[in-house]
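Contents: one structure, followed by commentary.
Throughout, read-outs are computed from the coordinates displayed, never taken from laboratory work. Note that the structure is a prediction, hence the values are computed from the model and not measured. Cβ placement follows ideal geometry from the backbone for every residue including glycine, while neighbour counts extend to all protein chains displayed.
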Amino acid sequence: MRLNIFGLGYVGSVTSVCLASIGHDVLGVEVVEEKAKALNEGRLPLFEPSLGDLYKAVFTGEDGSFRAVTELPSATAAPADASIVCVGTPSSAGGEVDLSQLIETSKAIGKYLRGATHMHHVIFRSTVPPGTTEEVLIPLLEAESGKKRGKDFHACFYPEFLREGQAVRDFFNPSMNLVGALDEASVPLIEAIFKVDKKAAATDVRVAEMIKYANNSFHALKVAFANEMGTLASAYGVDSQELMRLFASDTQLNLSPYYLRPGFAFGGSCLPKELRSVSALAIRKNIRVPLLESIMLSNEEHIRRVISLIQAQATDKAKTRVGFFGASFKPNTDDTRESPVVKVIERLISGPSYREPVGISAYVHESVGRKLRGMFGDRVELASSPDDLLRTAHIVVLGPKKLDDETHERLARFPGPVIDLKWHDVPESVRTNPLYREIC
Ligand SMILES: NC(=O)c1ccc[n+]([C@@H]2O[C@H](COP(=O)([O-])OP(=O)(O)OC[C@H]3O[C@@H](n4cnc5c(N)ncnc54)[C@H](O)[C@@H]3O)[C@@H](O)[C@H]2O)c1
């Protein structure tokens, strides 16, 4: 296929060379003249293991073909099946993403599309904040070309997962092969161009954009975690390599989807206690572990957010009654130690941020009820059934207690706010209640 590739930095060079090496006819577009010149003279402007050898074969015409230009020729001079955009998205001074390279590139592709008589596909690969493709880039393509996406051209967001240092291997065997697709043609075209080992899966464009931020934040988090844990371990004479090797060998809980479902705060008898111990161990050895110390603060923020959400929904505070489904620290237990739901109840009843207390009801397991009675006396009214709770509550909080179909049906029609802490899936009928809010 004939491909235009924009930006011949790390990602663009690897993309160009790899795609040319599998037989495509590649035109690289790079604004920095020296980079284009170097490539046209057979020199790579950067070091990346095994890319040089691959480029030699491409440059000598043994595999595919590649040439670099500093400006995109017209569609008639260089008709192509797709444009692949790999320009930079650096941080601006304030930390926001600087989209200027992408904006310029989209305008150039828009002009190209104006003169195109064939179907063209625009594939954005640069990492961008969610919404950028649909709200900024496609409108620019449409404005500059006078054409309509979906009818006159196609566009998608196709995140890049390569790591510098093993970019060629990652390019053909990425950890994920996801296409943020708007047009049906995108997935088959991506498969035909990239021919990577994994089948391409279509997802929402914003999910495809956001996944790079989730992945890279998590990679950074893992490095910081291993470094802090390793430092702490060494300070206590513990073999840090052995510790983390064993840690990483647990794929049931540690390196697994477990604990990675967005929802409400953690609690219970172990996690908060152990985190406090870790902080104390660090203090004793005069070691700073800012990541580990920030975890309780992060957890606290989720508790605070739920309280704010309830406060914001309580129009007449003195008359408002908030009904909780469950109060244990997680589902399937009656343990209420350090339960985040109990913390919410406690602060709604007496917290300084909430001077006019609201009424609290709870539908909980009998033994949880006894504990609530012990903690709050008659300030928490115990409902005898889900119906009993829904009859008196103005705001409902879906906590750790699993609900039956009948209760879901009633919640779908509940006339007040329904705040879901996301421990359980709820049916679509509940989610479409206009007053339904999920914590995340
Ligand atoms: N580097 C990585 O490992 C990696 C991995 C995955 C994704 N990404 C993302 O891919 C994108 C590119 O990353 P990179 O590291 O290759 O960046 P880079 O800065 O190395 O390369 C960008 C290139 O685009 C060129 N350019 C700028 N404006 C242009 C224009 N209007 N037309 C043509 N060329 C233009 C620049 O001169 C530069 O050579 C970024 O969004 C980055 O976040 C990078």
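Between LYS147, LYS107, which is within 16 Å of the ligand (Cβ to nearest atom), in contact with a helix residue (DSSP H, G or I) (Cβ under 8 Å, 6 or more places away or on another chain) and over 24 Å from ILE211 (Cα atoms)?
Numbers: LYS147 fails: within 16 Å of the ligand (Cβ to nearest atom).
Every option except LYS107 fails the conditions.
Residues that are surrounded by fewer than 14 Cβ atoms within 10 Å (Cβ to Cβ): find the helices (runs of 4 or more DSSP H) completely inside segment 286-399 holding 2 or more of those. Steps first, answer last, please.
Numbers: elements: 290-313, 340-350, 366-376, 386-392.
By residue number, 290-313, 366-376, 386-392.
So which residues in segment 392-440 are among the polar types (S, T, N, Q) and within 25 Å of the chain's Cα centre (by Cα), if there are any at all? Explain how you work it out, then say what you get.
Here is the first cut: in segment 392-440, the ones among the polar types (S, T, N, Q) are 392, 407, 429, 432-433.
Hit for segment 392-440 is THR432, nothing else.
Among the residues of segment 38-62, count how many are over 20 Å from ASP170 (Cα atoms), touching a residue at least 24 places away in the same chain (Cβ under 8 Å) and away from the ligand (no atom under 13 Å from the Cβ).
Result for segment 38-62: 1.
Checking the condition over 16 Å from ILE5 (Cβ atoms), more than 9 Å from the ligand (Cβ to nearest atom) and surrounded by fewer than 18 Cβ atoms within 10 Å (Cβ to Cβ), which residue from SER65, SER74, SER100 passes?
Values: SER65 fails: over 16 Å from ILE5 (Cβ atoms); SER100 fails: more than 9 Å from the ligand (Cβ to nearest atom).
After applying the criteria, what remains is SER74.
Matching residues to (1) touching a residue at least 60 places away in the same chain (Cβ under 8 Å); (2) charged (D, E, K, R):
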residue	(1), (2)
SER361	no, no
GLU366	no, yes
LEU372	no, no
PHE376	no, no
LEU390	yes, no
CYS440	yes, no
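PHE264 passes all but one of (1) loosely packed, with under 12 Cβ neighbours inside 10 Å; (2) assigned to a loop (DSSP other than H, G, I, E, B); which number fails?
With (1) loosely packed, with under 12 Cβ neighbours inside 10 Å; (2) assigned to a loop (DSSP other than H, G, I, E, B) applied to PHE264, the lone miss is (1).
Being within 16 Å of the ligand (Cβ to nearest atom) and either acidic (Asp, Glu) or within 21 Å of ILE190 (Cα to Cα) (or both) narrows it down to one residue among VAL26, VAL32; which is it?
Details: VAL32 fails: either acidic (Asp, Glu) or within 21 Å of ILE190 (Cα to Cα) (or both).
After applying the criteria, what remains is VAL26.
Of (1) exposed (fewer than 14 other Cβ atoms within 10 Å of the Cβ); (2) touching a Pro at 6+ places or on another chain (Cβ under 7 Å), ILE211 satisfies all except one. Which?
(1)
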